[in-house]
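A.B. asks: Just dropping this structure here.
We did not get these values from a lab; they are worked out from the coordinates using the rules stated. None of these values were measured; they are calculated from a predicted model. We place every Cβ from the backbone using ideal geometry, glycine too, and count neighbours over all the protein chains shown.
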Amino acid sequence: MLRLITEELMAGLEEVNGQGRGIREEMEKIKGEMTRREEQWEVERGEMKETTRDLGEKLEEVEERRGGKMERVKERLEELKKKRVEGGGGGGGRSRDREMRKWRRQQ
């Protein structure tokens, strides 16, 4: 009787050990998948950082160009105001239009 009980316990123990191996194997698969996904995330994260940096540089370039154009517009407006003040400002609509067309061509 003792022998029968021992055999049953050993069979149960082997079954549990088998299940434990299966669980360990599954855990190793999950760890491997997590590692792969972390590596993939790091690559994607690096790409996103690079894209963000590139876009920031482009934005700075655009703002610099736009700022330069605005400075030229302000300077030109000041020139026109001075000319108007110096020229008396009366009847100068055509010459002002001519000046603006000339300025636009230069841009």
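A.B. asks: Hey, what number do you get for the chain at 222 nm if only DSSP H runs of n ≥ 4 count, each worth -39500 (n - 2.57), divided across all residues, to the nearest 500? Don't skip to the answer; put the middle values down first.
C.D. replies: Numbers: 2 runs with 100 residues, N = 107.
One gets -35000 deg cm²/dmol as the mean residue ellipticity at 222 nm.
A.B. asks: So how much slack lies between residue 26 and residue 69, counting 0.36 nm per residue of separation and subtracting their Cα-Cα distance, in nm? Walk me through the numbers on the way to the answer.
C.D. replies: Working: separation 43, 0.36 × 43 = 15.48 nm, distance 6.37 nm.
Once the chain is fully extended between residue 26 and residue 69, it gains 9.1 nm.
A.B. asks: Taking θ as phi - 60°, what are the ³J(HN,Hα) couplings along region 55-68 by the Karplus curve (6.51, -1.76, 1.60), each to the nearest whole Hz, with x for Gly and Pro?
C.D. replies: Going residue by residue, I get 5, x, 5, 5, 4, 4, 4, 4, 5, 5, 4, 5, x, x Hz, with x marking Gly and Pro.
A.B. asks: I've got another one for you. Which entry in (i) 1.81; (ii) 1.03; (iii) 0.95 is this structure's computed Rg/Rh (Cα atoms, Kirkwood Rh)?
C.D. replies: (i)
A.B. asks: Taking the Cα-to-Cβ direction at residue 37 and at residue 13 and moving 7 Å from each Cα, how far apart do the two end points lie in nm?
C.D. replies: 3.8
A.B. asks: Quick check for me: using +1 on Lys/Arg Cβ and -1 on Asp/Glu Cβ, what's the dipole size of the chain about its Cα centre, in debye to the nearest 20? Intermediate values should be presented prior to the final figure.
C.D. replies: Values: 28 positive and 27 negative charges, 472 e Å.
Once rounded to the nearest 20, the dipole reads 2260 debye.
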